[in-house]
1. Taking a probe of 1.4 Å, how large is the accessible area per residue of the stretch 105-171, in Å²?
2. Could you give the length gained by full extension between N299 and A283, i.e. 0.36 nm per residue of separation minus their alpha carbon distance, to one decimal place?
3. Give or take rounding to whole Å, what are the principal axis extents of the alpha carbon atoms in the stretch 58-176, in descending order?
4. So how far apart, in nm, are the two label points at R124 and F53 if each is 7 Å from Cα heading toward Cβ?
5. Under a plain spin-label model, where a point goes 7 Å from the Cα along Cα-to-Cβ, how far apart in nm are R291 and A306?
6. Tell me, what is the FRET efficiency for R318 and S40 to the nearest 0.05, using R0 = 35 angstrom and their Cβ-Cβ distance as r?
7. Roughly how many Å² of Y297 are accessible to a 1.4 Å probe, to the nearest 10?
8. Apply the Karplus parameterisation 6.51 cos²θ - 1.76 cosθ + 1.60, with θ equal to phi minus 60°, to every residue of the stretch 271-279 and state each ³J(HN,Hα) to the nearest whole Hz, in sequence, with x for glycine and proline.
Amino acid sequence: MTNKAEIVKLTSAEISVLWGTNMNVSVVICMMTHFLETCSDPEILPLLEETKFLAEKHKDQIEQLFLKEKIAIPEAFKAEKHVVAKADKLFSDIYYIQCVLQMSKFGVASHTAGLTVSAREDVRKLYKNFMDDVSQLYNHTVSIMQEKGIYVRIPYMNYPSKVDFVNKENFLTGWFGRRRSLLGIEVTHLLINAFQNEMGMQMCSGFSQVTQDGELREYFLRGKNLCKHMLGSIHDVLEESEVPAANGWDQSVTNSTVAPFSEQLMLYIIAMLSNIGMASYGAGLSTTMRRDISAMYANFLTKSGAFGEDGMNLLIERKWMEQPPQFEAVK
């Protein structure tokens with residue numbers, strides 16, 4: 001009996017998400033390769049190994065499917081080409097585990113999206129397995145961070161004690177006068193975006209320190225300053241509502257001046273972070289009920305979009321950007 005998956009072609013959505021996942025896990029493999037070479041914390045090392053193993057497994061499974069479907073396998077990023085062997089450590093071990101935490105969070109979201117846009121049973125099963133893998137990785141990472149005392153929790157708040165209804169129109173305002181206290185969901189997204197901007201700022205700082213390309217150094221420093229500006233804006237909003245500041249990692253960038261990755265990969269990583277940031281700002285915008293915070297997120301989206309576009313242009317100018325699958329109607 002013929003398997004239906006063998007006669008139903010992949011849709012444009014399925015090809016696109018598989019291609020994107022393949023690119024992303026190739027970046028993870030490269031980053032973990034350098035992290036494993038330079039990590040000195042015996043509690044973090046196994047987590048980096050687990051992350052690299054899962055990324056390699058997922059990449060292999062996607063490529064096997066592409067071979068079966070006679071789809072060109074992306075060149076993506078190969079560790080032997082884009083990771084500088086025996087390069088000095090650029091980031092701290094604590095930063096490494098923070099990266100795994102953010103990667104696993106992104107993986108849960110992106111694999112869920114891959115599952116929900118897929119129709120073919122084998123692709124849905126593949127993304128379900130991916131999601132299970134990264135969910136387990138996320139739980140493992142959180143447990144290790146809590147054991148080490150470096151996991152940063154979202155602040156506690158009083159439990160709601162009664163049902164209430166909004167009875168004033170100024171619940172939505174926030175331009176003038178005394179603003180209402182932040183909602184729990186607003187605090188959650190503000191802190192998520194603060195964490196991500198802190199990570200991005202450190203990444204841009206490290207890359208600007210090691211690149212030999214003046215144009216890329218200027219771009220990375222621009223990214224660092226953009227993250228710093230956004231962090232300041234977020235902290236101002238949190239401070240006004242007396243939300244406790246959350247700082248949970250050490251000085252992340254070493255004094256190394258040797259690039260651990262190719263300049264192509266470093267630029268691509270920053271472009272990826274910019275896209276993830278825009279998705280996170282959009283999520284925050286969709287849940288806030290204060291107009292001043294909505295305006296702040298809209299401003300973040302505009303600035304991040306311009307920054308990300310300039311990064312894409314740099315990749316294109318240098319012929320470093322691989323062409324994503326382009327829609328062509330079946331004839």
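1. Per residue, the stretch 105-171 has 71 Å² of solvent-accessible surface.
2. Full-extension gain reported as 4.4 nm.
3. Principal extents (largest minus smallest coordinate, Cα): 60, 44, 33 Å.
4. In this crude spin-label approximation the distance works out to 3.0 nm.
5. Once both label points are built, they end up 2.4 nm from each other.
6. 0.55
7. 0
8. 5, 4, 4, 5, 5, 5, x, 5, 5
The values are calculated or read from the model by the stated rules, or taken from the named source; none is laboratory data. As the structure is a computational prediction, the values presented were derived from the model and not from experiment. Here the Cβ is made from the backbone with ideal geometry for all residues, glycine too, and neighbour counts use every protein chain on show. Accessible surface is based on the protein model in full, side chains and every heavy atom, while ligands, DNA and RNA are left aside. Shrake-Rupley method; radii C 1.70, N 1.55, O 1.52, S 1.80 Å.
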